[in-house]
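Scroll down for the structure; my scribbles are underneath it.
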Number of protein chains: 2
Amino acid sequence: MTMNAAGGRRRPPTIHDVAREAGVSRGTVSRVLNGGHYVSPAAQEAVNAAIRKTGYVVNRHARSLITGRSDSIGFLLTEPQERFFEDPNFNVLLRGCTQALAAHDIPLLLMLAGTEDERRRITRYITAGHVDGVLLVSSHSGDPVAEQLRGAGVPLVACGKPIGLGSKVSYVAADDRDGARDMVRHLLSLGRRRVGMVTGPLDTPGGVERLAGYKEVLAEAGLELDERLVVSGDYTRASGEAGAERLLAQAPDMDAVFVASDLMAQGVLAALQREGRRVPEDVAVGGFDDSPAALASRPELTTIRQPWDRISAEMVRVLLAQIGGEDPAAVILPTELVKREST
Amino acid sequence: MTMNAAGGRRRPPTIHDVAREAGVSRGTVSRVLNGGHYVSPAAQEAVNAAIRKTGYVVNRHARSLITGRSDSIGFLLTEPQERFFEDPNFNVLLRGCTQALAAHDIPLLLMLAGTEDERRRITRYITAGHVDGVLLVSSHSGDPVAEQLRGAGVPLVACGKPIGLGSKVSYVAADDRDGARDMVRHLLSLGRRRVGMVTGPLDTPGGVERLAGYKEVLAEAGLELDERLVVSGDYTRASGEAGAERLLAQAPDMDAVFVASDLMAQGVLAALQREGRRVPEDVAVGGFDDSPAALASRPELTTIRQPWDRISAEMVRVLLAQIGGEDPAAVILPTELVKREST
DNA sequence: TTCTCTACTGTGAACGCTCACAGAAGCATG
DNA sequence: CATGCTTCTGTGAGCGTTCACAGTAGAGAA
């Protein structure tokens, strides 16, 4: 522990100082730092002691200069900003990725691309090699940033299956269709027969898949698809509220509703309560995500849990593998029905 | 525009390539890159053309190696993770800081310190000089990370006035006391006389100041402070809900309540509605923050706007100034009363 | 002319690390 | 004994910049 006087930062120790302290050469210290292969136990020990004594920390810039790697990765969000502000799922994902990367001692650079200008700046930054890879959150199809990055050969893993990109892009996603099936089956098992749905945006795979699951289960139960029972939203709370109003107007006899995200489900609950419907007595409500919003709702939301911790961990794992030279991979993770008060 | 075959990344152009292309020396290119002083217009032009032609982007690692700066800054959050997940204010702040830094071409490294282990790792990372400065979000007093960083001479600017750190730490904050005064005056102006308060945590300056403003205005209106009308929360939604229940039990005649954060106010609204109180007819509710949560509430919350965009911009400005050698500074920004449906 | 001053330009030497290579030592094999 | 192999170690080169310094050219003053 070295104390600094008056807040001044002193020149930090270099690998050279450690080598001198340990009585070995720079090369040996470097080998210890990078895994310790081909180093005698004695040297190993001496170097580690010297590192502790000097408080040495590797200079990442010097390392990067020669290795060509930056040992940092970018977390790129190309979603519209209002969703970033309102949807706690991003925070859960962001934290998960940060932690998973921290275990590899890799810092996460946050990149928010809202405007066209920001997109350009960020694309330029990434393709310049300032990060080794990118964790991408962009549910909408045909994201130009993603295509550019992919074209430039930047390792990339998306959260959720990207539409319109070649098959050569990695992604990690929950099993949306299966989750939707579980939820709708659950609603039917409660005896509900007029089950509505507020879908997500239908230019996203999640939106499409969850709707597909809903339709499948209705068909398998021998129920006819009533178009008045289906409206679409955009994952915002407000769109859930508007969607519920539309549903109630089109199909006043609705006795359950499957909402494609918890945030929209919050809006649905608010609209139902305003219209005097009791939840779950009059209308059962099922959400999707198991985001913190589900627990914050009154009544607490029955929902489909996306395994966020596993999703972020897998995203990082797949990305690092790809940086290491492996081929792109797709990972689909199972979901789980979480029963709470709203059904 | 260079096209890459088969996704392979080719060796990027260096300053040397640019120099050769422009017919000048490395030094001249470097000067153009760093402000263009002492460079003839002709050379300037030639270099810029060469940069465009080659698609050159500076190698930040090489630059950092010699300048000793990393040209990146850290955004450090030492709040408990549940608040990060649930409070949209963080996202607003995070986005604001990211954008303000982007204007200076400085990437933001996200650092989340939840566990003791993470704290140590992050402290080590920062003090090793891997970032030039830190934007700190840590409302609680006596944060050991902050003290360590300050002791190590790391440029630091906090969001909100830190308690217990020496006066030599920069911070940017909204005028909490004045905002609280405005809100309570507003509630009194509506004719309410039994005005309760749900405070923030009282080991934070924001929590203390907002309570102080409340007390001041009661005193100036000649109202006696009734301790049954004051309960404290921790900024979470759940604590707002619990607080409101306690208030209603202790002081059933309460006709208004000032809640120290919008998120807690959401909880208060839920509790009031459950207890059958109409808002604002029976009880007027005022929040604090003007976070996205205020607009998402039903009814929409009257609240005190914290100028988040200015706060983040000032944090970045003060931090960069400090990195540039200036003394620590404190910035207090004015708040604004935003009237909506809940009062 | 000669000197000085200003505006500009080029060059070598770092920055701290990794990597390739050469070499040394120890030990078994031919 | 020479030869090979394995394990370990030191050394020089170089990654792509910036910085200090030296040097050049042109303008103006003595």
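The values are calculated or read from the model by the stated rules, or taken from the named source; none is laboratory data. Note that the coordinates shown come from a computational prediction; the quantities given were computed from them, not determined experimentally. Note that each Cβ is placed from the backbone with ideal geometry, even for glycine, and that neighbours are counted across all protein chains shown. In case anyone asks, the SASA skips ligands and DNA or RNA and just uses the protein heavy atoms, side chains included. Shrake-Rupley method; radii C 1.70, N 1.55, O 1.52, S 1.80 Å.
Suppose the filter is at pLDDT 95 or above, more than 20 Å from B:Arg278 (Cβ to Cβ) and of a type in the set (A, V, I, L, M, F, W, C); does B:Val198 pass it?
Numbers: at pLDDT 95 or above: yes; more than 20 Å from B:Arg278 (Cβ to Cβ): no; of a type in the set (A, V, I, L, M, F, W, C): yes.
The answer is no for B:Val198.
Can you tell me which of B:Ala62, B:Ala42, B:Ala22 is touching a helix residue (DSSP H, G or I) at 6+ places or on another chain (Cβ under 7 Å) and either more than 8 Å from DNA strand D (Cβ to nearest atom) or modelled with pLDDT under 95 (or both)?
Numbers: B:Ala62 fails: either more than 8 Å from DNA strand D (Cβ to nearest atom) or modelled with pLDDT under 95 (or both); B:Ala42 fails: touching a helix residue (DSSP H, G or I) at 6+ places or on another chain (Cβ under 7 Å).
Answer to the selection: B:Ala22.
Part of a helix (DSSP H, G or I) and surrounded by 22 or more Cβ atoms within 10 Å (Cβ to Cβ), is that true of A:Leu218?
Numbers: part of a helix (DSSP H, G or I): yes; surrounded by 22 or more Cβ atoms within 10 Å (Cβ to Cβ): no.
When the stated conditions are applied, A:Leu218 does not pass them.
With the structure loaded, tell me whether A:Arg52 is at the interface with another protein chain (Cβ under 8 Å from one of its Cβ atoms), at pLDDT 90 or above and surrounded by fewer than 20 Cβ atoms within 10 Å (Cβ to Cβ) or whether it fails that test.
On the way: at the interface with another protein chain (Cβ under 8 Å from one of its Cβ atoms): no; at pLDDT 90 or above: yes; surrounded by fewer than 20 Cβ atoms within 10 Å (Cβ to Cβ): yes.
No.
Kindly provide the set of residues from segment B:256-282 that are away from chain A (no Cβ under 14 Å) and over 22 Å from the mean Cα position of the chain (by Cα), ordered by number.
B:Ala256, B:Val257, B:Phe258, B:Arg277, B:Pro280, B:Glu281, B:Asp282, listed by residue number.
Name, by its number, the condition in (1) open to solvent by 20 Å² or more (accessible area, probe 1.4 Å); (2) within 20 Å of B:Val285 (Cβ to Cβ) that does not hold for B:Lys161.
(2) is the only condition that B:Lys161 fails.
Checking the condition within 23 Å of A:Asp289 (Cβ to Cβ) and open to solvent by 10 Å² or more (accessible area, probe 1.4 Å), which residue from A:Arg120, A:Arg210 passes? Explain how you work it out, then say what you get.
Working: A:Arg120 fails: within 23 Å of A:Asp289 (Cβ to Cβ).
Of the residues listed, the single one that is within 23 Å of A:Asp289 (Cβ to Cβ) and open to solvent by 10 Å² or more (accessible area, probe 1.4 Å) is A:Arg210.
Quick one: in segment B:80-93, of everything that is at the interface with another protein chain (Cβ under 7 Å from one of its Cβ atoms) and open to solvent by less than 10 Å² (accessible area, probe 1.4 Å), which residue is farthest from B:Ala260 (Cα to Cα)? Give the derivation first.
Just the residues of segment B:80-93 that are at the interface with another protein chain (Cβ under 7 Å from one of its Cβ atoms), to begin with: B:81, B:84-86, B:88, B:91-92.
Those left that are additionally open to solvent by less than 10 Å² (accessible area, probe 1.4 Å): B:84, B:91.
Numbers: B:Phe84: 17, B:Asn91: 19 Å.
Result: B:Asn91.
Need the failing condition index for B:Arg119 against (1) at the interface with chain A (Cβ under 9 Å from one of its Cβ atoms); (2) in a helix (DSSP H, G or I); (3) in contact (Cβ under 8 Å) with a residue 24 or more places away in the chain, just the number.
Of the numbered conditions (1) at the interface with chain A (Cβ under 9 Å from one of its Cβ atoms); (2) in a helix (DSSP H, G or I); (3) in contact (Cβ under 8 Å) with a residue 24 or more places away in the chain, the odd one out for B:Arg119 is (1).
Quick one: what pairs do we get from segment A:281-296, first residue under 24 Å from A:Leu248 (Cα atoms), second modelled with pLDDT of 95 or more and of a type in the set (Phe, Trp, Tyr), C-beta under 7 Å, 6+ apart or different chains?
A:Gly286/A:Phe258
Looking at B:Gly27, B:Gly68, B:Gly35, which is the one that is modelled with pLDDT under 95, near DNA strand C (Cβ under 9 Å from one of its atoms) and either on the phi > 0 side of the Ramachandran plot or crowded, with 21+ Cβ neighbours inside 10 Å (or both)? Lay out the reasoning, then the answer.
On the way: B:Gly27 fails: either on the phi > 0 side of the Ramachandran plot or crowded, with 21+ Cβ neighbours inside 10 Å (or both); B:Gly35 fails: near DNA strand C (Cβ under 9 Å from one of its atoms).
B:Gly68 is the lone residue from the list that is modelled with pLDDT under 95, near DNA strand C (Cβ under 9 Å from one of its atoms) and either on the phi > 0 side of the Ramachandran plot or crowded, with 21+ Cβ neighbours inside 10 Å (or both).
Collect the residues in segment B:123-136 that are open to solvent by 10 Å² or more (accessible area, probe 1.4 Å), within 10 Å of chain A (Cβ to nearest Cβ) and not aromatic (Phe, Trp, Tyr), keeping them in residue-number order.
Passing the criteria: B:Arg124, B:Thr127, B:Ala128, B:Gly129, B:His130.
Just to check your reading of the model, which residue among A:Ala62, A:Ala46 is at the interface with another protein chain (Cβ under 7 Å from one of its Cβ atoms), more than 18 Å from the chain's Cα centre (by Cα) and open to solvent by 30 Å² or more (accessible area, probe 1.4 Å)? Break it down into steps so the answer makes sense when it comes.
On the way: A:Ala46 fails: at the interface with another protein chain (Cβ under 7 Å from one of its Cβ atoms).
That would be A:Ala62, the only listed residue that is at the interface with another protein chain (Cβ under 7 Å from one of its Cβ atoms), more than 18 Å from the chain's Cα centre (by Cα) and open to solvent by 30 Å² or more (accessible area, probe 1.4 Å).
Kindly provide the set of residues from segment B:106-116 that are touching a residue at least 12 places away in the same chain (Cβ under 8 Å) and either closer than 17 Å to A:Leu109 by Cβ or outside any loop (DSSP other than H, G, I, E, B) (or both), ordered by number. Step through it out loud before you land on a result.
Keep residues of segment B:106-116 that are touching a residue at least 12 places away in the same chain (Cβ under 8 Å), which gives B:106-114.
Passing the criteria: B:Ile106, B:Pro107, B:Leu108, B:Leu109, B:Leu110, B:Met111, B:Leu112.
Look through A:Gln250, A:Gln266 and report the one residue that is farther than 29 Å from A:Leu93 by Cβ and either open to solvent by 20 Å² or more (accessible area, probe 1.4 Å) or not hydroxyl-bearing (Ser, Thr, Tyr) (or both). First the steps, then the outcome.
Numbers: A:Gln266 fails: farther than 29 Å from A:Leu93 by Cβ.
The unique qualifying residue is A:Gln250.
Residue by residue, here is whether (1) in the same structural domain as B:Glu314 (by TED's automatic domain parsing); (2) touching a strand residue (DSSP E or B) at 6+ places or on another chain (Cβ under 6 Å); (3) more than 30 Å from B:Asp17 (Cβ to Cβ) holds:
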site: B:Gly36; (1), (2), (3): no, no, no
site: B:Val47; (1), (2), (3): no, no, no
site: B:Lys53; (1), (2), (3): no, no, no
site: B:Pro80; (1), (2), (3): yes, no, yes
site: B:Leu94; (1), (2), (3): yes, no, yes
site: B:Leu101; (1), (2), (3): yes, yes, no
site: B:Leu109; (1), (2), (3): yes, yes, no
site: B:Arg124; (1), (2), (3): yes, no, yes
